[in-house]
Amino acid sequence: NIRALGYFAKVDITQDPGAEADKTVINVDVQEQSTGSLSLSAGFSTLDNAVAGIQLSERNFLGRGLQISTSLSVAKRRQLIDFRYTDPYFLDRNLVGGFDLFGSETDYQNESSFNSRSQGAGLRFGFPLSEKSRFLVRYQFRFDEIFDVDPLASNVVKASEGKKYRSIIGYDYYYDNRNDPVDPTGGWDFLLSQNFAGLGGTVRYLSNEVLARYYLPLTDDFLTSWRLDGGYVQGLGDDVPLADHFFKGGDTIRGFARGGVGPRDLGSVNQDAVGALAYVFGTAELSFPNGLPEALGVKTSVFADGGYIGIADYDQAIYPSVVDDFAPRASVGLSLYWQSPFGPIRLDFAHVLLDEPYDEKESFRFSAGTSF
(Lines give C-alpha, C1' and ligand atoms only; values in the text may rest on other atoms or scores of the structure.)
Protein backbone atom coordinates (compact mmCIF):
# COMPACT_ATOMS: atom_id res chain seq x y z
CA ASN A 1 0.00 0.00 0.00
CA ILE A 2 2.88 2.37 0.72
CA ARG A 3 4.45 1.61 -2.66
CA ALA A 4 1.09 2.20 -4.36
CA LEU A 5 1.19 5.83 -3.24
CA GLY A 6 3.83 6.43 -5.92
CA TYR A 7 5.95 8.64 -3.69
CA PHE A 8 8.76 6.18 -2.96
CA ALA A 9 11.23 4.27 -5.13
CA LYS A 10 11.97 1.72 -2.42
CA VAL A 11 10.14 0.51 0.68
CA ASP A 12 11.73 -1.86 3.23
CA ILE A 13 9.79 -3.14 6.22
CA THR A 14 11.41 -4.88 9.19
CA GLN A 15 10.01 -6.05 12.52
CA ASP A 16 11.56 -5.93 15.99
CA PRO A 17 10.26 -7.59 19.16
CA GLY A 18 7.80 -5.45 21.07
CA ALA A 19 7.47 -4.79 24.79
CA GLU A 20 5.37 -7.93 25.15
CA ALA A 21 5.18 -11.28 23.39
CA ASP A 22 2.03 -10.36 21.45
CA LYS A 23 3.40 -7.01 20.21
CA THR A 24 5.90 -6.06 17.50
CA VAL A 25 7.62 -2.90 16.32
CA ILE A 26 7.30 -2.27 12.59
CA ASN A 27 10.07 -0.19 10.99
CA VAL A 28 9.46 1.32 7.56
CA ASP A 29 12.47 2.60 5.62
CA VAL A 30 11.55 4.50 2.45
CA GLN A 31 13.54 6.04 -0.36
CA GLU A 32 11.80 9.02 -1.94
CA GLN A 33 11.46 9.45 -5.68
CA SER A 34 10.39 12.27 -7.95
CA THR A 35 6.62 12.53 -8.17
CA GLY A 36 6.61 14.63 -11.33
CA SER A 37 6.87 12.94 -14.69
CA LEU A 38 7.29 13.87 -18.32
CA SER A 39 6.12 11.09 -20.63
CA LEU A 40 6.62 10.79 -24.37
CA SER A 41 4.94 8.19 -26.55
CA ALA A 42 5.17 7.13 -30.17
CA GLY A 43 3.75 4.39 -32.36
CA PHE A 44 3.92 3.05 -35.87
CA SER A 45 1.65 0.83 -37.93
CA THR A 46 1.83 -0.86 -41.30
CA LEU A 47 -0.84 1.62 -42.45
CA ASP A 48 1.38 4.67 -41.73
CA ASN A 49 -0.45 5.25 -38.45
CA ALA A 50 2.21 7.32 -36.64
CA VAL A 51 1.36 8.81 -33.25
CA ALA A 52 3.25 10.82 -30.61
CA GLY A 53 2.33 12.60 -27.43
CA ILE A 54 3.55 14.38 -24.30
CA GLN A 55 2.19 14.33 -20.75
CA LEU A 56 3.20 16.38 -17.73
CA SER A 57 1.99 15.22 -14.32
CA GLU A 58 2.60 15.73 -10.60
CA ARG A 59 1.33 13.15 -8.09
CA ASN A 60 2.12 15.10 -4.91
CA PHE A 61 1.31 18.73 -5.69
CA LEU A 62 2.04 21.09 -2.77
CA GLY A 63 3.10 18.03 -0.75
CA ARG A 64 -0.56 17.22 -0.02
CA GLY A 65 -1.00 14.24 -2.34
CA LEU A 66 -2.93 16.32 -4.89
CA GLN A 67 -2.65 14.90 -8.41
CA ILE A 68 -2.46 17.18 -11.44
CA SER A 69 -1.78 16.16 -15.02
CA THR A 70 -1.84 17.89 -18.39
CA SER A 71 -1.63 16.05 -21.71
CA LEU A 72 -0.87 17.62 -25.05
CA SER A 73 -0.87 15.67 -28.30
CA VAL A 74 1.81 16.35 -30.88
CA ALA A 75 0.64 13.73 -33.38
CA LYS A 76 -0.15 14.59 -36.97
CA ARG A 77 -3.48 12.78 -36.77
CA ARG A 78 -4.50 13.73 -33.23
CA GLN A 79 -4.51 16.99 -31.31
CA LEU A 80 -5.41 16.66 -27.65
CA ILE A 81 -5.32 18.83 -24.57
CA ASP A 82 -6.45 17.39 -21.28
CA PHE A 83 -6.27 18.68 -17.70
CA ARG A 84 -7.05 16.49 -14.66
CA TYR A 85 -7.15 17.40 -10.99
CA THR A 86 -7.64 14.81 -8.24
CA ASP A 87 -7.76 15.19 -4.46
CA PRO A 88 -7.34 11.70 -2.94
CA TYR A 89 -8.39 13.01 0.50
CA PHE A 90 -11.33 15.18 -0.44
CA LEU A 91 -12.75 17.15 2.52
CA ASP A 92 -9.93 15.62 4.62
CA ARG A 93 -11.66 12.25 4.46
CA ASN A 94 -10.95 8.95 2.74
CA LEU A 95 -12.76 10.19 -0.35
CA VAL A 96 -11.57 10.99 -3.88
CA GLY A 97 -12.80 14.09 -5.69
CA GLY A 98 -11.69 15.62 -8.96
CA PHE A 99 -12.57 17.30 -12.23
CA ASP A 100 -11.43 17.08 -15.85
CA LEU A 101 -11.30 19.53 -18.74
CA PHE A 102 -10.56 18.24 -22.22
CA GLY A 103 -10.61 18.96 -25.91
CA SER A 104 -9.50 16.85 -28.84
CA GLU A 105 -9.56 16.65 -32.61
CA THR A 106 -8.80 13.31 -34.25
CA ASP A 107 -8.23 12.27 -37.85
CA TYR A 108 -10.08 9.00 -38.54
CA GLN A 109 -9.70 9.32 -42.30
CA ASN A 110 -7.65 6.12 -42.55
CA GLU A 111 -10.15 4.11 -40.50
CA SER A 112 -13.53 5.65 -41.32
CA SER A 113 -13.10 8.68 -43.63
CA PHE A 114 -14.00 11.40 -41.12
CA ASN A 115 -12.54 13.73 -38.51
CA SER A 116 -13.98 14.15 -35.03
CA ARG A 117 -13.89 16.93 -32.46
CA SER A 118 -14.74 16.61 -28.76
CA GLN A 119 -14.81 19.18 -25.95
CA GLY A 120 -16.16 18.91 -22.44
CA ALA A 121 -15.75 18.70 -18.70
CA GLY A 122 -16.34 16.08 -16.05
CA LEU A 123 -16.60 15.54 -12.31
CA ARG A 124 -15.48 12.48 -10.28
CA PHE A 125 -16.26 11.34 -6.74
CA GLY A 126 -15.17 8.06 -5.16
CA PHE A 127 -14.88 6.20 -1.88
CA PRO A 128 -13.66 2.80 -0.63
CA LEU A 129 -16.17 -0.01 -0.05
CA SER A 130 -13.63 -2.20 1.73
CA GLU A 131 -9.89 -2.55 2.09
CA LYS A 132 -9.68 -3.99 -1.43
CA SER A 133 -12.57 -2.38 -3.30
CA ARG A 134 -13.64 1.13 -4.25
CA PHE A 135 -16.51 2.86 -6.03
CA LEU A 136 -16.28 5.92 -8.30
CA VAL A 137 -19.19 8.00 -9.65
CA ARG A 138 -18.66 10.15 -12.74
CA TYR A 139 -20.52 12.86 -14.64
CA GLN A 140 -19.47 14.28 -18.00
CA PHE A 141 -20.96 16.82 -20.38
CA ARG A 142 -19.46 16.64 -23.84
CA PHE A 143 -19.85 18.32 -27.21
CA ASP A 144 -18.94 16.04 -30.14
CA GLU A 145 -18.81 16.67 -33.87
CA ILE A 146 -18.11 14.50 -36.91
CA PHE A 147 -16.88 16.65 -39.78
CA ASP A 148 -14.70 16.68 -42.92
CA VAL A 149 -16.41 13.53 -44.15
CA ASP A 150 -14.83 12.21 -47.33
CA PRO A 151 -17.23 12.43 -50.31
CA LEU A 152 -16.43 8.76 -50.97
CA ALA A 153 -17.11 7.72 -47.36
CA SER A 154 -19.56 5.06 -46.28
CA ASN A 155 -23.20 6.13 -46.16
CA VAL A 156 -23.11 5.21 -42.47
CA VAL A 157 -20.45 7.85 -41.89
CA LYS A 158 -22.23 10.44 -44.03
CA ALA A 159 -25.44 9.93 -42.02
CA SER A 160 -23.47 10.52 -38.80
CA GLU A 161 -22.01 13.87 -39.85
CA GLY A 162 -22.88 16.77 -37.55
CA LYS A 163 -22.94 17.79 -33.88
CA LYS A 164 -24.24 15.96 -30.83
CA TYR A 165 -24.29 16.72 -27.11
CA ARG A 166 -23.72 14.00 -24.54
CA SER A 167 -24.70 14.17 -20.88
CA ILE A 168 -23.25 11.04 -19.29
CA ILE A 169 -23.44 9.70 -15.77
CA GLY A 170 -21.60 6.53 -14.85
CA TYR A 171 -19.72 4.57 -12.25
CA ASP A 172 -16.69 2.30 -11.81
CA TYR A 173 -16.47 -0.58 -9.35
CA TYR A 174 -12.93 -1.87 -8.77
CA TYR A 175 -11.71 -4.81 -6.67
CA ASP A 176 -7.96 -5.35 -6.22
CA ASN A 177 -6.78 -8.67 -4.81
CA ARG A 178 -3.21 -8.55 -6.22
CA ASN A 179 -0.18 -9.18 -4.04
CA ASP A 180 1.46 -5.94 -5.22
CA PRO A 181 -0.35 -2.95 -6.77
CA VAL A 182 2.77 -1.74 -8.60
CA ASP A 183 4.42 -4.92 -9.93
CA PRO A 184 2.02 -7.83 -9.29
CA THR A 185 3.25 -11.42 -9.35
CA GLY A 186 0.08 -13.04 -8.00
CA GLY A 187 -3.59 -12.42 -7.37
CA TRP A 188 -6.28 -10.78 -9.48
CA ASP A 189 -8.26 -7.58 -9.98
CA PHE A 190 -11.62 -6.71 -11.54
CA LEU A 191 -13.18 -3.53 -12.99
CA LEU A 192 -16.82 -2.92 -13.96
CA SER A 193 -17.79 0.33 -15.70
CA GLN A 194 -21.24 1.49 -16.79
CA ASN A 195 -22.27 4.74 -18.49
CA PHE A 196 -25.75 6.10 -19.11
CA ALA A 197 -26.09 8.84 -21.72
CA GLY A 198 -29.44 10.62 -21.73
CA LEU A 199 -29.54 12.84 -18.67
CA GLY A 200 -30.02 15.71 -21.08
CA GLY A 201 -28.10 16.01 -24.33
CA THR A 202 -29.11 14.54 -27.69
CA VAL A 203 -27.86 10.95 -27.28
CA ARG A 204 -29.33 8.03 -25.29
CA TYR A 205 -27.55 4.73 -24.65
CA LEU A 206 -26.28 2.39 -21.93
CA SER A 207 -22.67 1.23 -22.16
CA ASN A 208 -21.15 -1.64 -20.14
CA GLU A 209 -17.49 -2.73 -19.94
CA VAL A 210 -15.63 -5.23 -17.74
CA LEU A 211 -11.95 -5.99 -17.21
CA ALA A 212 -10.43 -8.88 -15.25
CA ARG A 213 -6.74 -9.75 -14.80
CA TYR A 214 -5.09 -12.72 -13.10
CA TYR A 215 -1.41 -13.29 -12.26
CA LEU A 216 0.03 -16.76 -11.63
CA PRO A 217 3.75 -17.41 -11.07
CA LEU A 218 5.07 -20.72 -12.39
CA THR A 219 8.53 -20.31 -10.82
CA ASP A 220 10.53 -17.39 -9.46
CA ASP A 221 11.51 -16.49 -13.04
CA PHE A 222 8.39 -17.39 -15.03
CA LEU A 223 5.16 -15.42 -14.57
CA THR A 224 1.89 -15.92 -16.41
CA SER A 225 -0.67 -13.13 -16.68
CA TRP A 226 -4.20 -13.46 -18.02
CA ARG A 227 -6.56 -10.71 -19.12
CA LEU A 228 -10.23 -10.73 -20.15
CA ASP A 229 -12.17 -7.62 -21.18
CA GLY A 230 -15.47 -7.07 -22.90
CA GLY A 231 -18.12 -4.51 -23.58
CA TYR A 232 -21.64 -3.96 -24.88
CA VAL A 233 -23.47 -0.74 -25.73
CA GLN A 234 -27.25 -0.59 -26.25
CA GLY A 235 -29.27 2.28 -27.67
CA LEU A 236 -32.25 3.50 -25.64
CA GLY A 237 -34.97 4.36 -28.10
CA ASP A 238 -32.46 5.29 -30.82
CA ASP A 239 -29.58 3.62 -32.60
CA VAL A 240 -26.19 4.06 -30.97
CA PRO A 241 -24.31 6.92 -32.72
CA LEU A 242 -21.24 6.02 -34.76
CA ALA A 243 -18.85 7.75 -32.32
CA ASP A 244 -20.11 5.58 -29.43
CA HIS A 245 -19.46 2.25 -31.16
CA PHE A 246 -16.38 0.25 -30.21
CA PHE A 247 -13.41 0.69 -32.56
CA LYS A 248 -10.84 -1.87 -31.42
CA GLY A 249 -7.33 -2.88 -32.41
CA GLY A 250 -3.82 -1.79 -31.50
CA ASP A 251 -3.31 -2.27 -27.75
CA THR A 252 -6.62 -4.12 -27.36
CA ILE A 253 -5.68 -6.97 -29.69
CA ARG A 254 -2.13 -6.69 -30.94
CA GLY A 255 -1.48 -7.41 -34.58
CA PHE A 256 -4.39 -5.28 -35.78
CA ALA A 257 -4.47 -1.54 -36.50
CA ARG A 258 -6.63 0.91 -34.60
CA GLY A 259 -10.20 0.27 -35.71
CA GLY A 260 -8.84 -2.63 -37.74
CA VAL A 261 -11.33 -5.25 -36.51
CA GLY A 262 -15.11 -5.23 -36.42
CA PRO A 263 -17.96 -4.26 -38.76
CA ARG A 264 -16.93 -2.57 -42.01
CA ASP A 265 -18.69 -1.08 -45.03
CA LEU A 266 -17.19 -2.95 -47.97
CA GLY A 267 -19.40 -1.06 -50.40
CA SER A 268 -17.65 2.25 -49.74
CA VAL A 269 -14.58 3.19 -51.75
CA ASN A 270 -12.46 3.41 -48.58
CA GLN A 271 -14.03 0.34 -46.93
CA ASP A 272 -14.65 2.30 -43.74
CA ALA A 273 -14.80 0.77 -40.28
CA VAL A 274 -18.20 1.51 -38.74
CA GLY A 275 -17.72 0.19 -35.20
CA ALA A 276 -19.26 -2.60 -33.15
CA LEU A 277 -21.75 -2.83 -30.32
CA ALA A 278 -20.02 -5.74 -28.55
CA TYR A 279 -16.59 -7.22 -28.06
CA VAL A 280 -14.77 -9.73 -25.85
CA PHE A 281 -11.00 -10.19 -25.91
CA GLY A 282 -8.55 -12.26 -23.91
CA THR A 283 -4.79 -12.27 -23.47
CA ALA A 284 -2.37 -14.88 -22.14
CA GLU A 285 1.19 -13.70 -21.52
CA LEU A 286 4.32 -15.44 -20.23
CA SER A 287 7.23 -13.41 -18.87
CA PHE A 288 10.61 -15.14 -18.68
CA PRO A 289 14.35 -14.44 -18.29
CA ASN A 290 16.15 -13.26 -21.41
CA GLY A 291 19.73 -13.95 -20.36
CA LEU A 292 20.60 -10.28 -19.86
CA PRO A 293 21.81 -8.95 -16.47
CA GLU A 294 18.87 -8.09 -14.24
CA ALA A 295 20.41 -4.69 -13.56
CA LEU A 296 19.65 -3.67 -17.15
CA GLY A 297 15.93 -3.85 -16.44
CA VAL A 298 14.99 -5.61 -19.68
CA LYS A 299 11.91 -7.87 -19.50
CA THR A 300 10.74 -10.26 -22.20
CA SER A 301 7.37 -11.93 -22.72
CA VAL A 302 5.44 -13.86 -25.32
CA PHE A 303 1.71 -13.35 -25.72
CA ALA A 304 -1.41 -14.64 -27.39
CA ASP A 305 -4.36 -12.29 -27.98
CA GLY A 306 -7.76 -13.35 -29.22
CA GLY A 307 -11.47 -12.73 -29.11
CA TYR A 308 -14.63 -11.67 -30.91
CA ILE A 309 -16.01 -8.31 -32.00
CA GLY A 310 -19.14 -7.43 -33.94
CA ILE A 311 -22.91 -6.84 -33.77
CA ALA A 312 -23.94 -3.67 -35.57
CA ASP A 313 -27.34 -1.97 -35.45
CA TYR A 314 -27.25 -0.71 -39.04
CA ASP A 315 -30.37 -1.58 -41.03
CA GLN A 316 -29.28 -4.02 -43.74
CA ALA A 317 -32.06 -2.76 -46.00
CA ILE A 318 -30.46 0.70 -45.91
CA TYR A 319 -26.81 -0.31 -45.61
CA PRO A 320 -26.55 -3.72 -47.38
CA SER A 321 -22.78 -3.49 -47.85
CA VAL A 322 -21.97 -3.44 -44.11
CA VAL A 323 -20.38 -6.75 -43.07
CA ASP A 324 -20.78 -7.81 -39.46
CA ASP A 325 -19.13 -11.16 -38.77
CA PHE A 326 -18.92 -11.91 -35.05
CA ALA A 327 -15.93 -14.08 -35.91
CA PRO A 328 -12.77 -14.98 -33.97
CA ARG A 329 -9.54 -13.01 -34.26
CA ALA A 330 -6.22 -14.14 -32.81
CA SER A 331 -2.56 -13.18 -32.79
CA VAL A 332 0.70 -14.15 -31.12
CA GLY A 333 3.85 -12.16 -30.56
CA LEU A 334 6.80 -10.99 -28.53
CA SER A 335 7.07 -7.99 -26.19
CA LEU A 336 10.22 -6.29 -24.94
CA TYR A 337 10.13 -3.90 -22.01
CA TRP A 338 13.22 -1.92 -20.99
CA GLN A 339 13.43 0.29 -17.93
CA SER A 340 16.09 2.43 -19.59
CA PRO A 341 17.96 5.41 -18.09
CA PHE A 342 15.73 7.59 -20.26
CA GLY A 343 12.51 6.01 -19.02
CA PRO A 344 10.43 2.93 -19.94
CA ILE A 345 10.56 1.65 -23.53
CA ARG A 346 8.19 -1.00 -24.89
CA LEU A 347 8.19 -2.83 -28.23
CA ASP A 348 5.50 -5.24 -29.43
CA PHE A 349 5.92 -7.56 -32.43
CA ALA A 350 2.76 -9.43 -33.46
CA HIS A 351 1.69 -12.02 -36.04
CA VAL A 352 -2.00 -12.55 -36.87
CA LEU A 353 -3.31 -16.11 -36.79
CA LEU A 354 -7.06 -15.59 -37.30
CA ASP A 355 -8.69 -12.67 -39.08
CA GLU A 356 -11.35 -11.71 -41.56
CA PRO A 357 -10.39 -10.69 -45.11
CA TYR A 358 -11.40 -7.08 -44.49
CA ASP A 359 -9.43 -6.61 -41.24
CA GLU A 360 -6.47 -4.21 -41.21
CA LYS A 361 -3.25 -5.41 -39.59
CA GLU A 362 -0.36 -3.86 -37.68
CA SER A 363 2.80 -5.81 -36.92
CA PHE A 364 4.81 -3.43 -34.70
CA ARG A 365 4.17 -0.95 -31.88
CA PHE A 366 6.58 1.25 -29.94
CA SER A 367 6.29 3.53 -26.90
CA ALA A 368 8.79 5.38 -24.72
CA GLY A 369 8.80 7.72 -21.72
CA THR A 370 10.99 9.58 -19.26
CA SER A 371 10.73 11.15 -15.78
CA PHE A 372 12.11 14.16 -13.95
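The values are calculated or read from the model by the stated rules, or taken from the named source; none is laboratory data. Owing to the predicted nature of the structure, the values given are computational and were not obtained by experimental measurement. Using ideal geometry, Cβ is built from the backbone for each residue, glycine included, and neighbour counts are taken over all protein chains shown. Ligands, DNA and RNA are stripped out before the accessible areas are found, and what is left, the full protein with its side chains, is counted by its heavy atoms. Shrake-Rupley method; radii C 1.70, N 1.55, O 1.52, S 1.80 Å.
Here are the numbers:
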{"quantity": "Positions within the stretch 195-239 being in a loop (DSSP other than H, G, I, E, B) and either of a type outside the set (Val, Ile, Thr) or within 30 Å of Val302 (Cβ to Cβ) (or both), in sequence order", "calculated": "Arg204, Leu218, Thr219, Asp220, Asp221, Phe222, Leu236, Gly237, Asp238, Asp239"}
{"quantity": "Sole residue being of a type in the set (Lys, Arg) and not in a strand (DSSP E or B), chosen from Arg346, Arg258", "calculated": "Arg258"}
{"quantity": "Among the candidates Asn94, Asn110, Asn60, residue that is farther than 30 Å from Gly259 by Cβ and touching a residue at least 40 places away in the same chain (Cβ under 8 Å)", "calculated": "Asn60"}
{"quantity": "The stretch 292-350: number of residues that are of a type in the set (Phe, Trp, Tyr), crowded, with 18+ Cβ neighbours inside 10 Å and more than 30 Å from Pro217 (Cα to Cα)", "calculated": "2"}
{"quantity": "All positions within the stretch 261-291 that are on the phi > 0 side of the Ramachandran plot and open to solvent by less than 10 Å² (accessible area, probe 1.4 Å)", "calculated": "Gly262, Gly275"}
{"quantity": "Every residue from the stretch 182-197 that is surrounded by fewer than 15 Cβ atoms within 10 Å (Cβ to Cβ) and in contact with a helix residue (DSSP H, G or I) (Cβ under 8 Å, 6 or more places away or on another chain)", "calculated": "Val182"}
{"quantity": "Residues of the stretch 209-251 that turn out to be of a type in the set (Val, Ile, Thr) and open to solvent by 40 Å² or more (accessible area, probe 1.4 Å), as a count", "calculated": "2"}
{"quantity": "Residue among Thr86, Thr106 that is at pLDDT below 90, touching a strand residue (DSSP E or B) at 6+ places or on another chain (Cβ under 8 Å) and either closer than 21 Å to Asp272 by Cβ or hydroxyl-bearing (Ser, Thr, Tyr) (or both)", "calculated": "Thr106"}
{"quantity": "Residue check for Ser116: touching a helix residue (DSSP H, G or I) at 6+ places or on another chain (Cβ under 7 Å), open to solvent by less than 30 Å² (accessible area, probe 1.4 Å), within 30 Å of Val274 (Cβ to Cβ) and assigned to a strand (DSSP E or B)", "calculated": "yes"}
{"quantity": "Residue match in the stretch 6-26 (condition: in a strand (DSSP E or B), modelled with pLDDT under 75 and open to solvent by less than 40 Å² (accessible area, probe 1.4 Å))", "calculated": "no"}
{"quantity": "Members of the stretch 139-170 found to be open to solvent by less than 50 Å² (accessible area, probe 1.4 Å) and assigned to a strand (DSSP E or B), listed by number", "calculated": "Arg142, Phe143, Asp144, Glu145, Ile146, Phe147, Gly162, Arg166, Ser167, Ile168, Gly170"}
{"quantity": "Where a residue in the stretch 258-278 is of a type in the set (S, T, N, Q) and its partner, wherever it lies, is part of a strand (DSSP E or B) and open to solvent by less than 10 Å² (accessible area, probe 1.4 Å), with Cβ under 9 Å and at least six apart", "calculated": "Gln271/Arg264; Gln271/Asp265"}
{"quantity": "Verdict on Gly97 being open to solvent by less than 60 Å² (accessible area, probe 1.4 Å), part of a strand (DSSP E or B), closer than 16 Å to Phe141 by Cα and not β-branched (Val, Ile, Thr)", "calculated": "no"}
{"quantity": "Positions within the stretch 268-300 being assigned to a strand (DSSP E or B), over 17 Å from Leu228 (Cα atoms) and small (Gly, Ala, Ser), in sequence order", "calculated": "Ala273, Ala276, Ser287"}
{"quantity": "Considering residues of the stretch 351-365 that are open to solvent by less than 80 Å² (accessible area, probe 1.4 Å) and assigned to a strand (DSSP E or B) only, the residue farthest from Gly250 (Cα to Cα)", "calculated": "Val352"}
